[in-house]
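Heads up, the thing below is written out as structure tokens.
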Amino acid sequence: DVAYLRSVLPSTTDDAFFDYLATLDASEVTVTAIPEGSVVFPRVPFLQVKGPLLVVQLLETTLLCLVNYASLVATNAARFRLLAGPDMKLMEMGLRRAQGPDGALSASRYSYIGGFDCTSNILAGKLYGIPVRGTIAHSFVMSFRCLEEVQPRDLPPRAGGDPVDLAGLAVSWLQRVCDLLQTPPGKANQGELAAFVSYAVTFPCDFQGLLDTYCVRRSGLPNFCAVALALHQLGYQAIGVRLDSGDLAQQSKEIRGVFRACGSHFQVPWFGTIPIAVSNDISEQSLEEFRKEGSEIDMIGIGTNLVTCPLQPSLGCVYKLVEVNGSPCLKLTEDEEKMTIPGMKAIYRLYDAAGHPFMDLMALEEEPSPSAGQELGIRVLGQLEETTKVIPTTVEPLHRTYFRDGQVCEPLPSLPEVRTHAQLSLSLLSPSHRRLHEPQPYPVAVTERLHRLFLELRQGS
């Protein structure tokens, strides 16, 4: 690394500088942070780094790279989870649209933290233990032309016994299903039926259908029902279908009606509850429309609008110097929102009697901690000209020390633990702060002492 820097820095650079770079030691750095998966509000420092100036300057780009996209995707995923509700299954499937393979892996990991249930990215499953899910592809369905192409086609009953020609059994069921649905069997695409049979022979315990390669009502749906009922006759149970085009909410209701009709008519009780998954450029607006119209959707696959975050393509986390050799410092600007809050700080979350956080409070590190039930005089950012009095029911210190003297000094949570913590953090917010449309602003405040320091530095500058 030093040799490379010699090749790109000016030739006049003192050799002693390169000798100094080789002595840098990250063990002199101390890192405190708000636990991963916590809800964090604007202006609150979620991570603080202490150490030799050059070392902490070198860490700036690395830390921001690790935090910005990760927080953006986790936040975006949390918004989708809030809109979908707790019972809807959400599958991340953005690998083909993500910002390269590294971005795709990050998106899988951090959308899982944000509340998604699974990913289509098999490598993310291997590396991080995220549950993996997927469905068959249109290209697979289209690769078949007729039932003669299905090899093998025999499937033994689940309870044991002689293998049965599943293709022939599916054809007989297709006639019965079409009679029930009052649709001509000849309209059902034979290549699609062959694809479903081939998949079912290979994965009889995990059969699922992609219904919209040709026509959902006249082909995909009757073909799926025929193969699923043939499997049922042999003791197996289909696990679901997927829609990828059209009016997804309306189609899901129509498909559910067909499943219930088949379940009732053919006396197969579980048939009416076959899970229905949807995809096709799903956005926040899509979820709002599903909820408004009503649907029978059980799982939603979201890709582009999750991993590329079109509503806000980047997150503006910043890394600012607030103290040098014990002397607080302040970045001044005409834009008050971009002014830094000086000094090393402790961060507290204040809770009301209902258990909801109602304010985050920044204090100088050496100040005594606020206490529950104690009246506090504070200054809310954006309203610094006036003092506000608050009495918290509970006070939670947010920062923990994670790295000191070259050692990790706080147990690092597993990915499922971070995900659980993220969902808990969101659930604690009051509904007025959690809603996505016109939420009540969440106040962030400073103590009177920190406010005085801010004024002194500002006036001194």
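The values are calculated or read from the model by the stated rules, or taken from the named source; none is laboratory data. Small disclaimer: the values here were computed from a predicted structure and weren't measured. Virtual Cβ from ideal backbone geometry, glycine too; neighbours counted across all protein chains shown. Each accessible area value is taken on the protein alone, full model and side chains, heavy atoms only, with ligands, DNA and RNA left out. Shrake-Rupley method; radii C 1.70, N 1.55, O 1.52, S 1.80 Å.
State the percentage of accessible surface on the range 3-117 attributable to carbon and sulfur atoms; use a 1.4 Å probe and exclude ligands, DNA and RNA. Walk me through the numbers before you get to the answer.
On the way: 3510 of 6010 Å².
Percent of accessible area from carbon and sulfur atoms in the range 3-117: 58.
Please state the charge dipole magnitude for the chain, taken about the Cα centre, from unit charges on C-beta atoms (+1 on K and R, -1 on D and E), reported in debye and rounded to the nearest 20. Numbers along the way, then the final one.
Numbers: 39 positive and 51 negative charges, 244 e Å.
Approximately 1180 debye in magnitude.
Of 423, 45, 234, whose Cα points farthest to the positive end of the dipole of the chain (charges on the beta-carbon: +1 Lys, Arg; -1 Asp, Glu; origin at the Cα centre)?
234
Which of 271, 82, 330 sits farthest toward the positive end of the charge dipole of the chain, with +1 on the Cβ of Lys and Arg and -1 on the Cβ of Asp and Glu?
Going by the charge dipole, the pick is 271.
Can you list, largest first and rounded to whole Å, the semi-axes you get for the range 76-308 by taking the square root of 5 times each eigenvalue of its Cα gyration tensor? Walk me through the numbers on the way to the answer.
Details: eigenvalues 201, 80, 49 Å².
Equivalent ellipsoid of the range 76-308: 32, 20, 16 Å, largest first.
If you take every DSSP beta bridge fully contained in the chain, what fraction is antiparallel? Give it as a percent rounded to 5. Spell out each step's value before the answer.
Values: 30 of 48 bridges.
If I count the DSSP bridges inside the chain, around 60 percent turn out antiparallel.
How much length, in nm to one decimal, is gained on full extension between residue 28 and residue 461, taken as 0.36 nm per residue of separation minus their Cα-Cα distance? Could you put the intermediate results ahead of the total?
Numbers: separation 433, 0.36 × 433 = 155.88 nm, distance 3.09 nm.
Fully extending the segment from residue 28 to residue 461 adds 152.8 nm.
Could you work out how much longer the chain between residue 122 and residue 420 gets when fully extended? Use 0.36 nm per residue separation minus the Cα distance between them, nm to one decimal. Intermediate values should be presented prior to the final figure.
Details: separation 298, 0.36 × 298 = 107.28 nm, distance 2.19 nm.
Taking residue 122 through residue 420 to full extension adds about 105.1 nm, to one decimal.
Compute, for residue 142, the solvent-accessible surface of its heavy atoms (probe 1.4 Å) with the complete set of protein chains present, and express it in square angstrom to the nearest 10.
100
For residue 60 paired with residue 428, estimate the spin-label separation in nm (one decimal), with each label point 7 Å from Cα along the Cα-to-Cβ line.
3.2
Using θ = phi - 60° and the Karplus relation 6.51 cos²θ - 1.76 cosθ + 1.60, list the HN-Hα couplings for the range 151-167 in order, rounded to whole Hz, with x at every Gly or Pro.
For the range 151-167, the Karplus curve yields 9, x, 10, 8, 9, x, x, 4, 7, x, x, 5, x, 10, 5, 5, 5 Hz.
Could you tell me which residue out of 93, 30, 258 lies farthest along the dipole of the chain toward its positive end? Charges go on the beta carbon: Lys and Arg +1, Asp and Glu -1, centred on the Cα centre.
258
Place the peptides 420-426, 21-27 in order of packing, highest mean first, counting for every residue the other Cβ atoms within 10 Å and averaging per peptide. Write out the running numbers ahead of the final one.
Numbers: 420-426: 17.4, 21-27: 10.9.
Ranking, from highest mean packing down: 420-426, 21-27.
If I model a spin label at residue 344 and residue 383 as a point 7 Å from the Cα along the Cα→Cβ vector, what separation in nanometres do I get?
My value for the distance between the label points is 3.2 nm.
Take peptides 380-393, 342-355 and line them up by average Cβ neighbours within 10 Å, highest first, as a rough protection proxy.
Working: 380-393: 13.6, 342-355: 17.9.
Put in order of decreasing packing, that is 342-355, 380-393.
Report the gain in length on full extension from residue 410 to residue 437: 0.36 nm times residue separation, minus Cα-Cα distance, nm rounded to one decimal. Show your work: numbers first, answer last.
Working: separation 27, 0.36 × 27 = 9.72 nm, distance 3.67 nm.
This chain segment gains 6.0 nm when fully extended.
Nearest-5 percent of antiparallel DSSP beta bridges in the range 76-308? Could the numbers behind the result be given before it?
Values: 2 of 17 bridges.
Percent antiparallel among DSSP bridges in the range 76-308 is about 10.
Quickly work out the residue 281-to-residue 372 label distance, labels modelled 7 Å from Cα along the C-beta direction, and quote it in nm with one decimal.
5.1
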